[in-house]
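What follows is one structure encoded as structure tokens, with my remarks underneath.
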Amino acid sequence: MGEEAPECFLDLKPQTNQSFTFIGDKIYAVGGSEDTTNISTSIKVFDRLTSTWLDLTVFGTKLTPSKSHEAILLNNDRILILETESSPDNCIWFLEVDTPFVKQTRKLLGNEVVAWSKGVIGDGPKPIVISGPSGVGKGTLIAKLMIEFPSTFGFSVSHTTRAPREKELNGVHYHFTERSKMEKDIQDGKFLESALVHGNLYGTSIEAVETVSDDEKRCILDIDVQGASQVRASSLEAIFIFIRPPSLEELEKRLRARGTENEQQIEKRLRNAKAELARGKSPGLFDHILVNDDLETCYQNLKTLLALDEHTNAPSQQFMENFKIPLSHSLSKVDSKILIQSPSGMFVLDLSSLKGGAPGRTRGLRMYATD
Ligand code: ADP
Ligand code: 5GP
């Protein structure tokens, strides 16, 4: 907190278990409840210049209620919220108040914006973006991953304005949406990315990605090249994989054999495939390129590169499994380290290598005990 409470602070009517963080002319009030056993997940922003509560849009997974919490301002762009007595994987949260994502969304919406992002110890597995021309086999490869590893991977269900195919289920394969509704939601900042693909609007909502993270699964996005480059430019740190066909002739064969598009649509998709294959080679966009010739070989290659990635990103500290911040503790901040002194010893939360953030998890945290 640091700063003296201003006079208007009295107007805030502080509640039990509510924290206040002062940044410039604004005061961020987190939690607070008449019920002393749980803080609510509420967040309010008070403007000291006008002595009013601001109109606020809150993005991200909301923090879980807890008995109490500590709020620590970091770099004036986010507030670290540490929940006491919460389970280890639920005790570290970030309230982003002026990060690039928040700034961009605030500009888009024209009102005050904050975003929650859950903290993850270690680097955690990154979401996976899979792109490639229509008919190359993206859906087939993703389905194989989901069947073999149902508790590891979760599919980001996109929105689209195209009509459902036979056997496609709303909410499972896509959220099938009216164009005007989707355009409004894009305007309202609800989408991580969106693009016009083969004449229809497609997009990944922030909620779609967060639903998978909330399920503690590794998110897979099946999106086109335009979407991939938008995600690359966002704060969602992902692995980008481009799938190529062995030839355009084979791609055409697969699209026709799938039998889900009419002749006109097939021709449009094949025309677009050429441009997509060229964009797939854009420097710095894709981390890996796989050729889907023999399905089993391509699937094995995909698994190998995901396992390799998992290995290099394995969390470095596993001791968090039993860690809880007890009600009785003291906190101090030294540079990018938070020191937590508790009856069972001193713990250090090292925030020097933070990555990611809203929309999605904040990764790269380190936690260790000191003697
Ligand atoms: P996408 O999701 O990229 O549009 P699909 O997964 O729907 O592509 O695959 C298009 C068609 O090609 C499907 O009928 C699928 O069974 C078939 N297919 C996928 N991979 C291969 C492969 N390696 N060899 C032959 N057919 C394939
Ligand atoms: P289909 O109509 O065959 O399901 O998908 C057509 C194309 O749209 C595919 O290349 C697929 O990757 C892409 N696509 C699906 N969902 C999204 C999305 O949310 N965003 C973007 N940008 N492309 C998507």
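Mind checking whether some residue in region 314-328 is loosely packed, with under 15 Cβ neighbours inside 10 Å, within 28 Å of K144 (Cβ to Cβ) and at pLDDT below 95? Walk me through how you get there before you give the answer.
First, the residues of region 314-328 that are loosely packed, with under 15 Cβ neighbours inside 10 Å: 314, 316, 318-319, 321-322, 326-328.
Right, trim to within 28 Å of K144 (Cβ to Cβ) and you get 314.
Next, only the ones that are at pLDDT below 95 stay: 314.
Yes, there is a match, as at least one residue in region 314-328 is loosely packed, with under 15 Cβ neighbours inside 10 Å, within 28 Å of K144 (Cβ to Cβ) and at pLDDT below 95.
Can you say whether L285 is away from ligand 1 (no atom under 16 Å from the Cβ), open to solvent by less than 60 Å² (accessible area, probe 1.4 Å) and at pLDDT 95 or above, as far as the supplied structure shows? Spell out how you get there, then give the answer.
Working: away from ligand 1 (no atom under 16 Å from the Cβ): yes; open to solvent by less than 60 Å² (accessible area, probe 1.4 Å): yes; at pLDDT 95 or above: yes.
Considered against the rule, which asks whether it is away from ligand 1 (no atom under 16 Å from the Cβ), open to solvent by less than 60 Å² (accessible area, probe 1.4 Å) and at pLDDT 95 or above, L285 comes out as yes.
Within the bounds of region 125-132, is there any residue that is exposed (fewer than 14 other Cβ atoms within 10 Å of the Cβ), away from ligand 1 (no atom under 16 Å from the Cβ) and either under 28 Å from K281 (Cβ atoms) or in the same structural domain as T64 (by TED's automatic domain parsing) (or both)? So that I can check it myself, show each step before the final result.
Looking only at region 125-132, we keep the residues that are exposed (fewer than 14 other Cβ atoms within 10 Å of the Cβ), and these are none.
No - not one qualifying residue is present in region 125-132.
Kindly indicate the residue of region 239-269 that is part of a helix (DSSP H, G or I), without any contact (Cβ under 8 Å) to a residue 60 or more places away in the chain and open to solvent by less than 60 Å² (accessible area, probe 1.4 Å) and also farthest from P164 (Cα to Cα) among those meeting that condition.
E250
Name the single residue, out of those in region 68-114 being part of a loop (DSSP other than H, G, I, E, B) and within 17 Å of F46 (Cβ to Cβ), that is most open to solvent (accessible area, probe 1.4 Å). I'd like the intermediate steps shown before the answer.
Filtering region 68-114 down to residues part of a loop (DSSP other than H, G, I, E, B) leaves 68, 75-77, 84-87, 91, 97-99, 110-111.
The next check asks that each one be within 17 Å of F46 (Cβ to Cβ); those that pass are 76, 97-98, 111.
On the way: N76: 89, V97: 2, D98: 50, N111: 44 Å².
Per the criteria, the residue is N76.
Only residues in region 191-205 that are assigned by TED's automatic domain parsing to the domain that holds P133 and within 8 Å of ligand 2 (Cβ to nearest atom) count as the first member; pair them with residues that are outside any strand (DSSP E or B) and charged (D, E, K, R), Cβ under 6 angstrom, at least 6 apart or cross-chain, and list the lot.
Going by the 6 Å Cβ cut-off, the qualifying pairs are A195/D224; V197/D224; H198/K268; H198/R269; N200/R162.
I'd like the full set of residues that are touching a residue at least 60 places away in the same chain (Cβ under 8 Å) and in a loop (DSSP other than H, G, I, E, B), limited to region 337-371.
Listed by number, the residues that qualify are L351, G357, A358, P359, G360, R361.
Starting from region 125-146, take each residue that is within 22 Å of R279 (Cα to Cα) and modelled with pLDDT of 95 or more and list its partners that are of a type in the set (S, T, Y) and within 13 Å of ligand 2 (Cβ to nearest atom), counting only C-beta distances under 8 angstrom and pairs at least six apart or across chains.
K138/S131
Any residue in region 102-122 that is under 30 Å from M367 (Cβ atoms) sitting within a Cβ distance under 6 Å of a residue that is part of a helix (DSSP H, G or I) and open to solvent by 30 Å² or more (accessible area, probe 1.4 Å)? List the pairs, counting only those 6 or more apart or interchain.
V113/R106
Just one of the numbered conditions (1) more than 16 Å from ligand 2 (Cβ to nearest atom); (2) within 20 Å of A143 (Cα to Cα) is not true of P283; which one?
Exception for P283: condition (2).
Filter region 160-190 down to residues that are closer than 24 Å to E237 by Cα and more than 13 Å from ligand 2 (Cβ to nearest atom), then give me how many there are.
Number satisfying all stated conditions: 3.
Residues that are over 17 Å from L302 (Cβ atoms) and within 16 Å of ligand 1 (Cβ to nearest atom): which strands (runs of 3 or more DSSP E) entirely in region 134-232 hold 1 or more of them?
Correct list: 191-197, 200-205.
The values are calculated or read from the model by the stated rules, or taken from the named source; none is laboratory data. Predicted model, so just to flag it, every value in this text is computed and none were measured. Backbone-built Cβ (ideal geometry, glycine too); neighbour counts: all protein chains shown. Ligands, DNA and RNA are stripped out before the accessible areas are found, and what is left, the full protein with its side chains, is counted by its heavy atoms. Shrake-Rupley method; radii C 1.70, N 1.55, O 1.52, S 1.80 Å.
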